[in-house]
Amino acid sequence: MMFRRTVCVFLMGAGLLASAVGQSAKPADIPRLADGKPNLNGIWQAISGADVNLQDHAADKYAPGAQSVVTEHEIPYLPDALKLYQANFEKRDKEDPVTTRCNLPGVPRITYAKNLPFQIFQLPKGDKITVLYEYAQAHRFFYTNGTPHPTGHINWYLGDSRAKWEGDILVVDSIDFNNETWFDHAGNFHGEDLHVVERYKLIDADHIDYNVEIEDPKVFAKPWHIDLILYRRKEKNVQLLDYVCYAFGIDKYYP
Amino acid sequence: MDKKQLQLRKLLAGFMLGAVMYLPGMAQTSKSGAASAKEDSATTTWKPRLLPDGQPDVQGVWTTVYYGMGCLTNPTNGDVNCVPPPGPRPAPGTANAGGPPAPDTKDNTLGQRGHGNPPSIVNVAAQAEKGGDGARPRRAPRNAPSRIIDTDNYDIPYTPEALVHQKDLFAHYYEPARYGDIDPQQRCWPLGAVRQFTWHDVQVEQFPGYLLLIFEGAEQYRIIYLDNRPHIGNNLKLWMGDSRGHWEGTTLVVDTTSNNAKGRLSRAGDFSSDKVHYTERFKFLDENRVRYEAVFDDPSTYTRPWTFAFDEHRAFFGGDGGVPEGPVTAETQAKYENWEEACQEGLIPGGNDIPGLPPVPPDDSK
Amino acid sequence: MKKLLLGSILILGVASAATPAFAHHSFAAEYDASKPITLHGKLTKLAWVNPHGWIYVAVADTSGKTEEWAVEFGSPNALLRRGLRETDFPLGVDLTVNGYRAKNGKNIINGTSVKLPDGRNLFTGSVGTGAPGDPGANQ
């Protein structure tokens, strides 16, 4: 009797322990570099409908349907800004700077523009993380060396990014944006005061949880968030190609 | 700016050019360049710091010693050398006109198309000269080695058909009539694996199994894969080609296929076909100098393989201003940030317009 | 932090190792060196884009009618790295602009200097437009 009880307790204990271990098993699954940081090296790709429209949208002639990636579901535009968004939406086929002009898509749209892949290069104790995008051969540097943003407002498409680790999450703070990019083809937009905080979290070896906070007090009543999953490309010998969309249409006259 | 400032600037430019010339071993490099097609890395005794994967550490910012986007046979002297007289020369006094090159004793005009400057040429520092109305100094000729180093005339060995095409393109350079007459660099397009080095500077980053070339001056990059993966299919053409490299001592040897060749080679109508194949050698001579040579192999365009070459040094491109102040050191290189120069906006109002044609060709793809 | 080339210093002259300036696209193909021009007007817009930036100036004629002119300058990074920002140049300020006219006859200039009333030059130190020396220097 005593033995059976002991075994019971033991088994229950083991069960509890197992479930406890199961809950905290995730960190052990994440590849890490020699400096202990999560290893983000590799080729990643979004497969959401965010580039078409951050919010719920049904299929149409332009693109398939997809569910919203906006955490709060509604984007909290200020009243005048909401009117501008609606005007953008109406003329999106003529005005989307990505589909009509191949401008650099800004942040965070560069991460999911056309769902094209990008490659992260990260060294242990490196001074920055380098990201090369297939979209228009763009690149970004996430400086992890503690340097501040340069002074004054600068009008860049992809902003200026300074990053640090908060535990296992890479937190990338970006400002210095121009006002010539949209967050998606639907016309969701921002001004020059845009401030973006991206959080890259490796949830297992092949998936990054990409969480983005967007703030622009001149356009939005409060900050709001986008969340989507980035998938590791695992095909043998997969590599980035190019997507030089600004040459499309004229490149046939060359060489 | 007034005349004094202009003269001072020219003196300063002359001084800096002079300083470059007197770099120990630089003349040596130029001379040895001529015979260098088969040269290997054994000529350097430099012992580089090695990265964890065994690569020599060559990270940092590099730019050409003789910077110029002009005629390949004398790249720092503007376009004038690609226009044998009495061709439609650019307006005198303009930067891209350069100065008329001096004829040599055999009456061949050195530096010009068909008579490229040999690798041993000594660069003559620009002197301020009074010309015309005396108010505007006339640009004196500058001399730099031809970018083509191993043909008899230091120019590109085109087949007869290819030469016709090159001349046709250049004939329309000052008066474009077709969309294809605008040079790709004017459009801020990727210039291809080799030509891209001649625009501004390049930042080298190294990771296990990779060497990245991130070009400032246009948002472009090349990935040199150092593992043993196979090339992508040669029919899958890329603007920067597909590169596979390996280190031989302190020389990085790179094989580049899948070139779409759309970036052309110069403003003067030089080009390859998309069958071109480059073998590139980055010969690092010491921690601050690299001799770059790329063998162009394209029997459909050239009568023989030829070598495109230039010297680079660890430095910042200063041509458009904004060079970090002070001497270039390990610290200034490490602190330097490659800032966004998104060029694909292509916003050159009127710059790419062809008279008589719509700015954007009608889209027949929809 | 990468530690490159510890202690090594380039033997390249005392100044920064800048190479001489050359326009990457052809001044001669787009602008006419025989057509220098000086304009006085008010700054209406800045476009610090690549490969070369632009400023826009509203020039009034004697009857008060204004025309807009586009003035091309060098790479914005040249100005940014010197600490200049677009916000340093207030819209509406009076400007004196020197440059060369575009061949296509439009109100487009390749700018060699843009002076503010306090004497500051917007193109301070910026070269690379490929134009000849400032034609307004002796005026």
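The values are calculated or read from the model by the stated rules, or taken from the named source; none is laboratory data. A quick note: this is a predicted structure, and the numbers were derived from the prediction, not measured. Every residue, glycine as well, gets a Cβ built from its backbone with ideal geometry; the counts of neighbours run over all protein chains shown. Heads up: the accessible areas ignore ligands, DNA and RNA and are worked out on the full protein's heavy atoms, side chains in. Shrake-Rupley method; radii C 1.70, N 1.55, O 1.52, S 1.80 Å.
When the criteria are applied in full, residue A:71 meets the requirement of being in contact (Cβ under 8 Å) with a residue 40 or more places away in the chain and open to solvent by 10 Å² or more (accessible area, probe 1.4 Å). Quick check, is residue A:116 under 21 Å from residue A:227 (Cα atoms) and either modelled with pLDDT under 95 or more than 14 Å from chain C (Cβ to nearest Cβ) (or both)? For residue A:116, the condition - under 21 Å from residue A:227 (Cα atoms) and either modelled with pLDDT under 95 or more than 14 Å from chain C (Cβ to nearest Cβ) (or both) - is met.
For segment B:270-283, a residue qualifies if it is away from chain A (no Cβ under 14 Å) and in contact with a helix residue (DSSP H, G or I) (Cβ under 8 Å, 6 or more places away or on another chain), and exactly one does: B:283.
Checking B:286, B:270 one by one, the residue that is under 25 Å from residue B:66 (Cα atoms) and under 17 Å from the mean Cα position of the chain (by Cα) is B:270 and no other.
Just so you know, in segment C:58-78 the residues that are within 14 Å of chain B (Cβ to nearest Cβ) and not in a helix (DSSP H, G or I) include one that is surrounded by the most Cβ atoms within 10 Å (Cβ to Cβ), and it is C:75. Of all residues in segment B:185-198, those that are facing another protein chain (nearest Cβ under 10 Å) have Cβ atoms under 8 Å from Cβ atoms of residues that are hydrophobic (A, V, I, L, M, F, W, C) and not in a loop (DSSP other than H, G, I, E, B), 6 or more apart or on another chain, in B:186/C:29; B:187/A:247; B:189/A:247; B:198/B:310.
One residue stands out in segment A:149-178 among those that are in a loop (DSSP other than H, G, I, E, B) and under 13 Å from residue A:195 (Cβ atoms): the one that is modelled with the lowest pLDDT, namely A:153. Filtering segment A:216-242 to residues that are in contact with a Lys or Arg (Cβ under 8 Å, 6 or more places away or on another chain) and open to solvent by 50 Å² or more (accessible area, probe 1.4 Å) leaves only A:237.
Kindly indicate whether residue A:131 is free of Cβ contacts under 8 Å to residues at least 24 places away in the same chain and open to solvent by less than 10 Å² (accessible area, probe 1.4 Å). Yes, satisfied. How many residues are at pLDDT below 85 and in a loop (DSSP other than H, G, I, E, B) if we restrict to segment C:94-116? Qualifying residue count, segment C:94-116: 5.
Do we find a residue being within 22 Å of the chain's Cα centre (by Cα) and assigned to a loop (DSSP other than H, G, I, E, B) anywhere in segment A:246-255? Checked segment A:246-255: no residue is within 22 Å of the chain's Cα centre (by Cα) and assigned to a loop (DSSP other than H, G, I, E, B).
Determine if segment B:342-352 includes at least one residue that is open to solvent by less than 30 Å² (accessible area, probe 1.4 Å) and modelled with pLDDT of 80 or more. Scanning segment B:342-352, I find at least one residue that is open to solvent by less than 30 Å² (accessible area, probe 1.4 Å) and modelled with pLDDT of 80 or more, so the answer is yes.
Hey, does segment A:168-182 have a residue that's surrounded by 22 or more Cβ atoms within 10 Å (Cβ to Cβ), within 14 Å of another protein chain (Cβ to nearest Cβ), closer than 30 Å to residue A:36 by Cα and touching an Asp or Glu at 6+ places or on another chain (Cβ under 7 Å)? So far as segment A:168-182 goes, yes, one or more of its residues are surrounded by 22 or more Cβ atoms within 10 Å (Cβ to Cβ), within 14 Å of another protein chain (Cβ to nearest Cβ), closer than 30 Å to residue A:36 by Cα and touching an Asp or Glu at 6+ places or on another chain (Cβ under 7 Å). Looking at segment C:79-98, which of its residues are in contact with a strand residue (DSSP E or B) (Cβ under 7 Å, 6 or more places away or on another chain) and away from chain B (no Cβ under 13 Å)? Passing the criteria: C:86, C:89, C:91, C:92, C:93, C:94, C:95, C:96, C:97. Residues in segment B:225-245 that are open to solvent by 50 Å² or more (accessible area, probe 1.4 Å) and touching a strand residue (DSSP E or B) at 6+ places or on another chain (Cβ under 6 Å): B:231, B:234. Just one of the listed residues (A:151, A:144) is more than 11 Å from chain B (Cβ to nearest Cβ), of a type outside the set (D, E, K, R) and open to solvent by 60 Å² or more (accessible area, probe 1.4 Å), namely A:151.
Annotation note: Cβ proximity below 8 Å between a residue of segment C:104-117 that is within 7 Å of chain B (Cβ to nearest Cβ) and among the β-branched types (Val, Ile, Thr) and a residue that is open to solvent by 10 Å² or more (accessible area, probe 1.4 Å) and in a loop (DSSP other than H, G, I, E, B) (sequence gap 6+ or interchain) occurs for C:108/B:349; C:108/B:350.
For segment A:99-113, name all the residues that are in contact (Cβ under 8 Å) with a residue 12 or more places away in the chain and within 12 Å of chain B (Cβ to nearest Cβ).
Scanning segment A:99-113 gives A:101, A:102, A:103, A:104, A:105, A:106, A:107, A:110.
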